[in-house]
Amino acid sequence: MKIKSMTATFGKLERARLEPGPGLTLIYAPNEGGKSTWAAFWRAMLYGIDTRDRDKKGYLADKNRYQPWSGAPMEGEIQLEMEGRDITIRRGPRGNTPFGAFSAVYTGTQEPVPGLTATNCGELLTGVGAEVFTRSAFLGNGGLSLTAAPELERRIAALVTSGEEDVSFSQAMERLKTWKNRRQVNRSVGEIPKLEAQLAQVQEHLTQLEEAAALAARLEGEHAALARTREGLARQAEIHRLLAQRKLSDRYAQAEEEYQAAQAQLNNLETELSARPIPDREALKKAQGELQYLKALDEEIRQGDPALKEAEEKAAQAKEAAKDEHFPETTGEEAVAKAASDCAEYQSGVDRAKKQKKWAFLVHLLGAVAFAALLFWGIAQKIIPCMWAGAGIYVVLAFVSILILLRSKAARKRAGEVLSAYGVQTPEELTALAQGYRDRCQASDKAAHDVEVIQNAVTERQTKRDDTKAELLDFVHTFAPEVSDLFGCSAALSRALGMDHDLVLARERAAACRRRLDDLAAQGAEHQDGPIPELPLPDMGPQETDRALALAADRLEQMNAQLNQARGTLHAMGDPAVLSAQKERLEETLSRRRLELDAVTLAMETLTQANIRLQERFSPELNRLTGQYMSRLTGDKYSAVSLTRELEGFVREGDGVLPRSALYLSQGTADQLYLALRLAVCQLCLQSKPPILLDDALASFDDHRLTLALELLWELSGAQQLLLFTCQKREGEVLGGAPGVKRIAL
């Protein structure tokens, strides 16, 4: 697989494009030139962006760190050569998810690549998952040191064993730990403690079974005695209820007599008023209110005439004050809108003049820069036409800048003419002039509206007075036809209200007696006919009897609960034979789980010993190839390398016997060790030979070992594409004469 081109809108990159060569590509850029951003873009296009990652103290998630600085959506495109065909991969936003949209097609067509999805893109193209890729072919700027990972451990282990990569030692150990924890984590968690607790509970149930049976027998005897006591108290409470009912019936008979007397008085008053019917009290009160309202209307009509005259004078003055020679036959809002439009036109002209002036300066500056650049180039290369070409470019661009400057002055002059038509100097003065005219127009409209409101109010009150007076006379004539003026209406209403008051009092008294009679009936009172039987007097009063009955009922309820609980306990415990059988099953299961725990513990110990033995011969092929690369990188100073399962490196110097840990090496030598390890992992574990990306990976190398490293990388680039990002000039100088090396400056 080879990268043909990458196009990115990613972080500081805005539609940036990178076209590496087929072999070794040296990409130079200063600090903050975008090297690490291109590296992160390559990884994100392969494996996507983890949207679940969150910002932490001192750390930014990739979805936030590489948001485009321009505010544009995060998107990118990569063209690859894969198995003889060109493939185009694109990622872009899907809703709020960065790089959520994915497509992979054969270049120049819309034919999708079968089986290539956003999820498996990186693994299908490189042959490995993200954790192996970032530990091999992706040498970012986070350092060259290498840590173990389950997937990488399985692939390296395959170099030692038969080639199976299904499981690693750490995964197998984790599975055994899970099985062990499932049976017993500590003294209180796991299947074994649960079985022990269940067995103890069954034993406790067997012990409690006999105690529950004895308790149930005792509670049944106490329950029967309490039931007899409650029945006696209930009979006494019934006698008290009958005595209270007798008193209530006596009160009902008295209330019935009072109601009949009040009803008779009401009937007599209604008969008397039937000869001369009058309206109800609410209607009479309403008529009195309308009489008072007529007096208020007369007073308002007298006060309305001078107010109307004063409002008309103010309206005439406001209309005269609203006139303005700058806005003839124009409403206030139209004047403000026109002024805003003219101000916008003025500001647009000024902005256009400023922009043209700026462009004139930039064009002139561009001509000077082009002239200086071609002049220095011509002098350095001794090419006279280049100097004349620079002078010609400068003259042309200087002439263009003068034309743009003249257009800027003309635009500013046209903008000034817009304000001079109003006799003002600034847009703020024009805006204030239009707003003042609008305020005077609004004041004139308000004064005219006030005249109309007062005129309508006076007319409305005159009409209301005439209508109310006619309605009032018509109402009074229904019970006093002799009335002809408002004074007579007032007297007739007073007489009718007096008669209505007596009728209201009689109705209220009858209603009160009826309510009392109904309340007694609701309490259970009845009309008594015939003799009343004699009742024996109880030994206790009614309240004392009720308290004793409530206490007996509570005690009986508690006894019922205790008895039901005892019976429920007996039922829940069941037959002792069943509990004994359950105990035997629990003991058998507990014994089996303990044997399983011993077996898992033994398996963990055996697996640990096997892992220790495997570490003794951990990947000889990886150690051999890493040692070869380390020898090349250090000029044969370190002849051999050995690695632990955790990928901790040890080196042996020359003919030395004892290996030295990488912790004792200098930073540069340690980086050379882990560069050799990563290159070896690429050769042994990445069969699809994806491009190797190095981001400032050689910064700590001295000049001699830098030369050795570049020679090795140049040789490897013959079979595998390499992209080397650097912020230094040394790599370019060393590779100055190397064939097949493409150089790019960002």
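In straight-distance terms, cross-link reach from LYS338 covers every one of the lysines whose alpha-carbon lies under 22 Å from its own, apart from those fewer than eight places away in the same chain; here that gives LYS319, LYS323, LYS413. About its Cα centre, the dipole of region 1-103 is roughly 300 debye, where the only charges are +1 on Lys and Arg Cβ and -1 on Asp and Glu Cβ.
Computed extension length for GLU428-LEU362: 20.6 nm, one decimal, from 0.36 nm per residue of separation with the Cα-Cα distance subtracted. The stretch between ARG251 and GLU584 holds 112.2 nm of extra length on full extension. This uses 0.36 nm per residue minus the Cα-Cα distance. Report, to the nearest 10°, how far helix 703-716 tilts away from the longest principal axis of the Cα atoms in the chain, using its own Cα long axis and a range of 0 to 90°. So the inclination is approximately 80 degrees.
Quick one: go through region 46-64 and flag any residue whose amide nitrogen is under 19 Å from the point 7 Å out along the Cα-to-Cβ line of SER688. Label zone hits: 46-50. Here the contact order of region 1-117, divided by its residue count and restricted to Cα pairs under 8 Å and six or more residues apart, works out to 26 percent. The ellipsoid that matches the Cα gyration tensor of region 637-746 has semi-axes, each √(5λ) in whole angstrom, of 26, 17, 12, with the longest given first. For the pair LEU406 and LYS338, a Förster radius of 25 Å applied to the C-beta separation gives a FRET efficiency near 0.25, rounded to the nearest 0.05. For the chain, DSSP calls about 70 percent of its internal beta bridges antiparallel.
Determine the alpha carbon to alpha carbon distance for each of LYS285/LYS464; LYS2/LYS742; LYS56/LYS177; LYS12/LYS357; LYS56/LYS729; LYS286/LYS469 and list only those over 24 Å. Result: LYS56/LYS177; LYS12/LYS357; LYS56/LYS729 exceed 24 Å.
The trypsin sites (Lys or Arg not before Pro) found in region 321-418 that occupy coil by DSSP, while having at most 15 further C-beta atoms within 10 Å, are LYS323, LYS382. Basic side chains Lys and Arg get +1 at the Cβ, acidic Asp and Glu get -1 at the Cβ, and with that the dipole of region 337-416 about its Cα centre reaches some 260 debye.
Given R0 = 45 Å, the distance between the Cβ atoms of GLU544 and ASP518 translates into a calculated FRET efficiency of 0.90. Rounded to the nearest 10 degrees, the inclination of helix 191-274 to the longest alpha-carbon principal axis of the chain is 30 degrees. In a reduced charge model with +1 at each Lys and Arg Cβ and -1 at each Asp and Glu Cβ, the chain shows a dipole moment near 4720 debye about its Cα centre. Extension gain for LYS354 to ALA234 (0.36 nm times residue separation, less C-alpha to C-alpha distance): 32.6 nm. Among the protein heavy atoms, those of HIS240 account for about 30 Å² of accessible surface (1.4 Å probe, every chain in place). Our summary gives the chain a relative contact order of 25 percent, counting only alpha carbon pairs under 8 angstrom and 6 or more residues apart. For region 252-306, the extents of the C-alpha atoms along the principal axes are 72, 28, 9 Å, listed from largest to smallest. Distance distribution P(r), the chain, all Cα-Cα pairs, bin width 20 angstrom from 0: 10, 18, 16, 16, 21, 17, 4, 0 percent. The accessible-area ordering, largest first, of the residues ASP280, ASP62 stands as ASP280, ASP62, per a 1.4 angstrom probe.
Between GLN317 and LEU665, the modelled label-to-label distance comes to 10.0 nm, taking each label 7 Å out from Cα in the direction of the beta carbon. Taking 7 Å steps out from each Cα toward its Cβ at GLU123 and GLU345 produces label points 6.8 nm apart. In this structure, ALA553 and ALA217 have a Cβ-Cβ separation that, at R0 = 25 Å, corresponds to a calculated FRET efficiency of about 0.60. Tell me the label-point distance for the pair TRP179, LYS446, using the 7 Å Cα-to-Cβ offset, in nm and rounded to one decimal. About 9.2 nm separates the two model spin labels. Of the trypsin sites (Lys or Arg not before Pro) in region 42-118, the ones in a loop by DSSP (not H, G, I, E or B) with at most 16 other beta carbons within 10 Å are ARG52, ARG54, LYS57.
The values are calculated or read from the model by the stated rules, or taken from the named source; none is laboratory data. Treat the numbers as computed from the prediction; the structure is a model and nothing was measured. Counting neighbours? That spans all protein chains shown, and the Cβs are built from the backbone with ideal geometry, glycine included. Accessible surface areas use protein heavy atoms only, side chains included; no ligands, DNA or RNA. Shrake-Rupley method; radii C 1.70, N 1.55, O 1.52, S 1.80 Å.
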